[in-house]
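Have a look at the structure below before the remarks.
The values are calculated or read from the model by the stated rules, or taken from the named source; none is laboratory data. Everything quoted here is computed from the prediction, not taken from an experiment. Quick reminder, even Gly has a Cβ in these numbers, built from the backbone with ideal geometry, and neighbours come from all protein chains shown. In case anyone asks, the SASA skips ligands and DNA or RNA and just uses the protein heavy atoms, side chains included. Shrake-Rupley method; radii C 1.70, N 1.55, O 1.52, S 1.80 Å.
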Amino acid sequence: MDTLLYRSNLLASTHSFIHDLSHSSPLPTLLSHFPAPSSLPEPIITEHGTPHSLTPFVGTYTGRESVVRYFSLLSERLRTGRLEFEEGAVEEEKGVVWCRGEGEFTVLRTGKSWRESIAYRLRWTQQEGRLVLVEWEIWAGASECFRLKRWELTRDADTLGAFLASVQDR
């Protein structure tokens, strides 16, 4: 596939997924971005952070059933509002998009809302003629974004360095 076209498709898939997240789309819509059931590779979601009673969704979820569990835990506690992301780094050869921005969240139990910094790493692959999300990493909140800035990432060190350089003065 043409590199420019592939880059464009990676970004379009990322924007579509983020749009569905920020509009509290129903679970089937969110799952449509991931590989079909019983397909390989299995999807992986990692929400970085320290698990807490208020954030039981922090952790790693592997496989479609676990992805459903992640979205269920998240939707039981939080409503995702507007997500605003700036285009980050794209690694066409790895199918990876890095992006950062801010999100608005509301605790369902209390109705209290806040905005926080977010960074995503999304890895896409081709499946049945379309891109599907096979790995999604989330860093949310000031402490997690700070950890991301300090993280020595070996598998994507060059891209991470370029990505973090773009957010240095933010």
So the check is Cβ under 8 Å with 6+ separation or different chains; which pairs have a first residue in region 40-52 that's more than 16 Å from V68 (Cβ to Cβ) and a second one that's in a loop (DSSP other than H, G, I, E, B) and open to solvent by less than 90 Å² (accessible area, probe 1.4 Å)? P41/P35; H48/V58; G49/V58; T50/V58; P51/V58; H52/V58
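For region 43-76, which residues satisfy the criterion of being touching a strand residue (DSSP E or B) at 6+ places or on another chain (Cβ under 7 Å), of a type outside the set (F, W, Y) and at pLDDT below 95? Working first, answer last.
Within region 43-76, the first condition is being touching a strand residue (DSSP E or B) at 6+ places or on another chain (Cβ under 7 Å), and the residues that meet it are 43-49, 51, 57-62, 67, 69-70.
From the residues that got through so far, the ones that are of a type outside the set (F, W, Y) too are 43-49, 51, 58-60, 62, 67, 69.
Those that are touching a strand residue (DSSP E or B) at 6+ places or on another chain (Cβ under 7 Å), of a type outside the set (F, W, Y) and at pLDDT below 95: E47, H48, G49, P51, V58, G59.
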Counted residues in region 109-132 being closer than 17 Å to V58 by Cβ and touching a Leu at 6+ places or on another chain (Cβ under 9 Å) come to 3
Just to be sure before I move on: is V58 under 15 Å from the mean Cα position of the chain (by Cα) and not small (G, A, S) in the structure I sent? yes
